[in-house]
Every structure is written in structure tokens, then in C-alpha cells.
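What follows is a single structure, written as C-alpha cells, with notes after it.
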Amino acid sequence: MRRIILLVFCLLSAAYASAKVSLPVIFSDGMVLQRGQLIPVWGWAEPNETVKVTLGRKSMTTVADTGGNWRVDMPKMKAGGPYELHAGDIVIKDVMIGDVWLCSGQSNIDTDIERVYPQYPAEIDADANAMIRLFRVDNVAETHQPLRDVKSSGWKKLDKENAWHFSALGYFLGKRMHNTTGVAQGVIQSSWGGTPIEAWLPADSMLIYNPKAVSETEFFQDDKLVSDINSLNNRLNNRWHAMLNAKDPGVQGNWTSLSFDDSAWQKANQYRLPISDYRFCGSYWLRQHIHVDKAHAGKPALMRLGMLYDADYTFVNGQEVGRTYYQYPPRRYNIPAGLLREGDNVITVRFVNKNGRPSFAKDKPYQIEFSDTDIQPVGAEWLVHPGVQLPSQPSISMGIQNLSSVLWNGMLKPLAPYSLSGVVWYQGETNTGRPLEYEALLGCLMHSWRELWQQPELPFAIVQLANYMAPSASPQNSGWAQLREGQRQAAGNDARAGLAVAIDLGEEVDIHPLKKKEVAERCALVFDNLVYGKKKLLAPEPVAASVSDGSTVITFDQPLRKGSVTGFEVAGADGKYRNTPAVADGNTVTIMSAEAFSVRYAWKDNPAEADGRSLDGSMPITPFQLKVTK
């Protein structure tokens, strides 16, 4: 009997011991640890508990402090694996040693493989690489203090399914770096669309830059207040939609049906909808009849409706085939087999807008695809009819995720000190309304992140904002251009940072340009230089501007493509900029003016005319502004 009691006691003790040690979620099956650096492993246990950590054949022992926190720094290891990581009774399997990259920022890091799939379908369809592992941090905004762990579903091996909602830039970066190095790659995505840089900075830094912002964050440390506001906003949203549906004649009259009589509806081009109100809140309906021949009747298809502003509910022959709740995602809706009939068919789009007129984005595909080569265009002419107009939906503006330090607390600090090879920072769109602050804030971010990770040499690839919005032939005092200059200056002031210029990879109508593989390649070139000691040429950068022989000469850090260059502007003593001809030859650009006090290039929201390139044509000249030395 005594032996049985002792056995039970030992089993209970063992179970209790195994439950005491815990690890952050980033330490999970399939993880990638950074080669060539000390490997921090940390977690929690009972106060003063002894914890043994084993990785491969290497072991270390530590004791948890009085708060239950413990950490060991495992010795450096070469690339390889798979290994097992043991911490107490926890066993983490399939651990690889390779390179780890952190991708952070706002929505252009968020832009996922689903969004960019039409750009690279064959490549994405064929991809499956167990040497590349993806880790996505769930969105959590924390107003109080840094959390001890992030939320995540753990590490995933790269394939189409696992990458579908993962950062496209991070996906292509991982692939590129694996092709370059041949070792395992871990890519961590920690990003949140629409967020400002201040949300990713620590509170002590924000006390220096903007104490008022810190006070705003403190105001929302009342969890019940936040919950009540969220609940009220949900109720307001539900009430608005209930009123819309109840009053909308299209819902009541079944305007989606093929048999509905739309002969009295007005005809209109999708780019010139007859809506006089700039703020058309409510519903607006469009119908287009298409003919389907016998060969295509009953076949499944993909319908692409470009980008629509803002929400849409789309139907084919009365059956809903898709809906999207905001403007940015491309509309790609599957038409199921059997729905299309021979002869007349009807596409119906119900716009629902809470702010601003319904509209179609130009330069996007509008078509029905039966296969890659069998495509039927969707015309630009529609039958249109207003549904119902309502007041804009009331709401209590809060945006917790945009407050200072909340993403540092919820999505960044808990990741450290997980060793990294480098960081991609792609953010700035939200800060274009206050661009002059950005250089200092970005410098602060790089400094504070290096301190947090205890990696003073941690490299950063800064993605400069891409071109966006309507081009202009005249000079602009552009907030986008000013922020790009802040990014350029911050990168130039930091020996461990490099600029990934994207001024030729954007889109006029899409703040989330789709060429993410090309952006990833430019980030990879930054890391080729900063991490692996290569000497890859990045985008041409100006070194100096001076007056020589009656002309203004701008010197660059590398040779340029020879010939005339469009996109330069000069300002004289009056400070007013004007367009000016320029000629590139060797490392210089010459402007035929000796009166210039300042020169700038590609200084617009969307400098579509700017055509300066590197000697081999692979890189655009970076946008810049520079004083002229007399």
C-alpha cells in the first residue's frame, strides 16, 4: 500500500512539474532559430524553480527568479536540423537553425498572397518548401503595459495554403533568401494595417516625442470603457444595416433576379456614375446583361471586378457569388458550375457605402475567366439605379490600435529577444499627414528595437513608400514625398539600415501595389549588403549638388543610365520649385541653371514621369531633396 501511495505521489509530482514550465508561443514545433548568434530561450516557471534547456546536444540550466521568469542563452550553432528543444518536460520538435526575418509595419506588409496571387499564379501554385517557415502574430493592441506573450497559431511550413493569408513580401523574402543561402528561413510577420509608427514605439520614447499621445493611451486603460465603446459601435453598425435593408427597394423588390424588369433603369459608364452627392451613404445598384454561348453555359468561372468603393454584394442570375466589406481587396468571385445559362445572364452589384460615392477603380481587370486564355470581358456600361440614401453611420472613433505604444506592448516586445537576422519595416502611409516628424521617429524605432532585442547591429531594410494617387504635371508640396525623404534620411543616417526604393512599383489607384516580389527582392539586396557583406548596388542616391560652369550638377553614388531625365525640379531664392530639364552622364545629372538653391527629384505623390535609372536600368533613382552648394 505504501508503495502505491508513493507511486501516485511521484506521478502527481511529475505532472505538476511538467505543468510549471512554460514557453512563449514562438517556441513551438517547426520553429527556426537564428544561426551564428547566441540563442535566447526564455519562459516561466515556479519561482526559484530549476529549469534545464537542451537543444540538440547542448544543455544549460538556470533558476527562475522570484517572479517565475527564466532565460538561458544557448551557444551559437551552424545552420542545420531538425533538432529537438527541451525545456523542463516540454519538447519542441522539428527545430531548424537558419535565418530569421521580422517583417513589420502597416497594410503593405499585411498584403497577403491571396491579394497578389494573380501576379504570380504559376509560382504560388507550385510552391511548397519545408525549409521556409512562417509565423504570423495575431493583432493585439494593449494599452496598459507590454504583454508577456504574443498570440499566434504557431509556425507553418511554406505552401500555398499556409501562405494564403501571410505577408506576400515576407513570403517572397523567405524564398529569395533560401535560394541565396540554402539554409532554413523563418519569417515572422507582426503588422497591422493603417497603424502609425507611434503605435510601434515604446512608451518611454513617446514621452519624449509626444507626451500628449501617451496621455491618450492612458485614457483607454479602462478595459470596460473600451468594451462598452466596441459594443456600442457594433450596435450602431447593426442598426444602420438593418435600416438600410428595410428601406432598400432593391432588397424588397428582388433586383438581383434575372427576370427583374430593368428596362427603365438609366444607362451609365462605370467610371462616370450619375451620382451628384460626393457623400452618397446608402445603397446603389448596377445591373449588366451578358450573353453566354452554348459552349460556356454551365461552366464554372472566375469573375474579376477590379476594385470597388466601398462595400459590394455581387450576384449572378440572382445568386450571390461574393461580397467584400471595404475598398482595397480585389474582387475575385467564383461563379459555380451550372449558374451561367445559354443566352441572357445578368450580373448585379449592390454597392453599400457609408462615406463617399460608389466607384470603380481604373486600370483593374473586369472580366469573366473560364480559363487563363478563355476570357470574356465585363463591359464598362451598366444599368444603374439608386437604392436608398441614409445618413452616415454614427460611430465613436477610437482606433485603439493607432494609439502610441499599444502594438509595441501587444505585438512586438513579447517577441524579443528571439534572435533575428534582420528587419523589414514597411510603414508610413498613415503618417503622411505629419511627414516632418518621420525621420526622427524612424531613427528612434530602429534604436529602440535594437535595444529591445539586445542586437546593436540589427539590420533594417526600410521600404520607401511607393508611388500612389493621380500623377501631376506640376510640382507638388507632397506629404508622401516629404515622408519618403524622411525614410531616405533615416536610412542614410544609420550604418545598419538600407533603403528599398519602390517609387516605380506602385499603382495610381491602389495604395497596396501588387508587385510584392519585386519589393522583396530590393529588401533582399539590402540584406545581401548588411548581413552577408556583399556589395550590391541599390537605388542611386545623391551625394551632393553644386554649381559648376553655369550649371547645377548633382553627383550620385553610382553611374546612371545616360541621357535626358524627367522628374527634376529646382527652386531659386524665392523657394518656388519648377520643372527643369536634366541630363545624366556617368555619376552626374546636370541641370542648366546656376540659380538653383535647392533641387529635388520625383517629389510628388505619384511621380509617373520620373524616369531616372541606374546604369543597368534595374533600379530607379530614389526620390530626394537636396540643397545646392554655391
| said: Test of understanding: what is the full-extension gain from Ser618 to Glu123, defined as 0.36 nm times their sequence separation minus their Cα-Cα distance? | reply: 176.0 nm
| said: Below 17 Å, Cα to Cα, which lysines can Lys156 reach? Residues fewer than 8 away in the same chain don't count. | reply: Lys93, Lys175
| Within the accessible area of the chain, what % is carbon and sulfur when the probe is 1.4 Å and the other protein chains stay in place? | 52 percent
| task | Give, in nm to one decimal, the length gained when the segment between Asn529 and Lys157 is fully stretched (0.36 nm per residue of separation minus the Cα-Cα distance). | result | 131.2 nm
| query | Which of the aspartates and glutamates could be linked to Lys576 by a straight reach, that is with a Cα gap under 17 Å, when you skip same-chain ones fewer than 8 residues away? | reply | Glu595
| request: Report the dimensions of the stretch 10-111 along its three principal axes from the alpha-carbon atoms, largest first, rounded to Å. | output: 51, 32, 23
| message | Taking the full set of protein chains and a 1.4 angstrom probe, give the accessible area of Val321 in square angstrom, rounded to the nearest 10. | response | 20 Å²
| task | Name the residue farthest towards the positive end of the dipole of the stretch 499-610 from the options Ala584, Val526, Ala596, assuming +1 on Cβ of Lys and Arg, -1 on Cβ of Asp and Glu, about the Cα centre. | result | Val526
| said: Let me check against my output: what whole-number percent is the relative contact order of the chain, with C-alpha pairs under 8 Å and at least 6 apart? | reply: 13 percent
| said: Charges on Cβ only, +1 for Lys and Arg, -1 for Asp and Glu, centred on the Cα centroid of the chain; of Val183, Cys281, Pro196, which one is farthest towards the dipole's positive end? | reply: Val183
| field | Extension reserve of the Arg235-Glu218 stretch, reckoned as 0.36 nm per residue once the Cα distance is removed | value | 3.6 nm
| query | Per residue, how much accessible area does the chain have with a 1.4 Å probe, in Å²? | reply | 44 Å²
| note | Counting only protein heavy atoms and leaving out ligands, DNA and RNA, the solvent-accessible surface of Tyr83 at a 1.4 Å probe, in Å² to the nearest 10, equals 70 Å²
| What do the square roots of 5 times the Cα gyration tensor eigenvalues come to for the stretch 155-296, in whole Å, largest first, as semi-axes of the equivalent ellipsoid? | 44, 32, 16
| task | Using a 10 Å cut-off on Cβ atoms, rank the peptides 173-180, 153-160, 291-298 from the highest mean neighbour count down. | result | 173-180, 153-160, 291-298
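Report, in debye and to the nearest 20, how large the dipole of the stretch 301-375 comes out about its Cα centre when Lys and Arg carry +1 and Asp and Glu carry -1 on their Cβ.
On the way: 10 positive and 9 negative charges, 85 e Å.
Computed about the Cα centre, the dipole is about 400 debye.
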| Which of the aspartates and glutamates could be linked to Lys562 by a straight reach, that is with a Cα gap under 18 Å, when you skip same-chain ones fewer than 8 residues away? | Glu541, Asp585, Glu609, Asp611, Asp616
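Which of the three applies to the chain, rounded, prolate or oblate, going by the alpha-carbon gyration tensor with a ≥ b ≥ c and a/c under 1.5 meaning rounded?
oblate
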| Which value, in debye to the nearest 20, describes the size of the charge dipole of the chain about its Cα centre when Lys and Arg Cβ atoms bear +1, Asp and Glu Cβ atoms bear -1, and nothing else is charged? | 880 debye
| query | In nm, to one decimal, how far is the modelled label at Ser546 from the one at Lys294, with both set 7 Å along Cα→Cβ? | reply | 8.0 nm
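Considering only protein heavy atoms, with the full assembly of protein chains and a 1.4 angstrom probe, order Glu429, Glu161 by accessible area, largest first.
Highest to lowest solvent-accessible surface, that is Glu161, Glu429.
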| note | Sorted largest first, the Cα spans of the stretch 246-297 on the principal axes come out in Å as 44, 28, 19
| task | For an R0 of 60 angstrom, estimate the FRET efficiency from the Cβ-Cβ distance between Asp372 and Asn48 and round to the nearest 0.05. | result | 0.40
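Nothing charged except the Cβ atoms of Lys and Arg (+1) and of Asp and Glu (-1): what's the magnitude of the dipole of the stretch 441-513 about its Cα centre? Round to the nearest 20 debye.
220 debye
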| task | Please identify which residues in the stretch 217-247 have an amide N closer than 16 Å to a label point set 7 Å out from the Cα of Gln145, following the Cα→Cβ vector. | result | 218, 221-223
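The values are calculated or read from the model by the stated rules, or taken from the named source; none is laboratory data. Keep in mind it's a predicted model, so treat the numbers as computed, not measured. All Cβ positions, even for glycine, are placed from backbone atoms using ideal geometry, and neighbour counts span all protein chains on display. Ligands, DNA and RNA are excluded from the accessible area calculation, which covers all protein heavy atoms including side chains. Shrake-Rupley method; radii C 1.70, N 1.55, O 1.52, S 1.80 Å.
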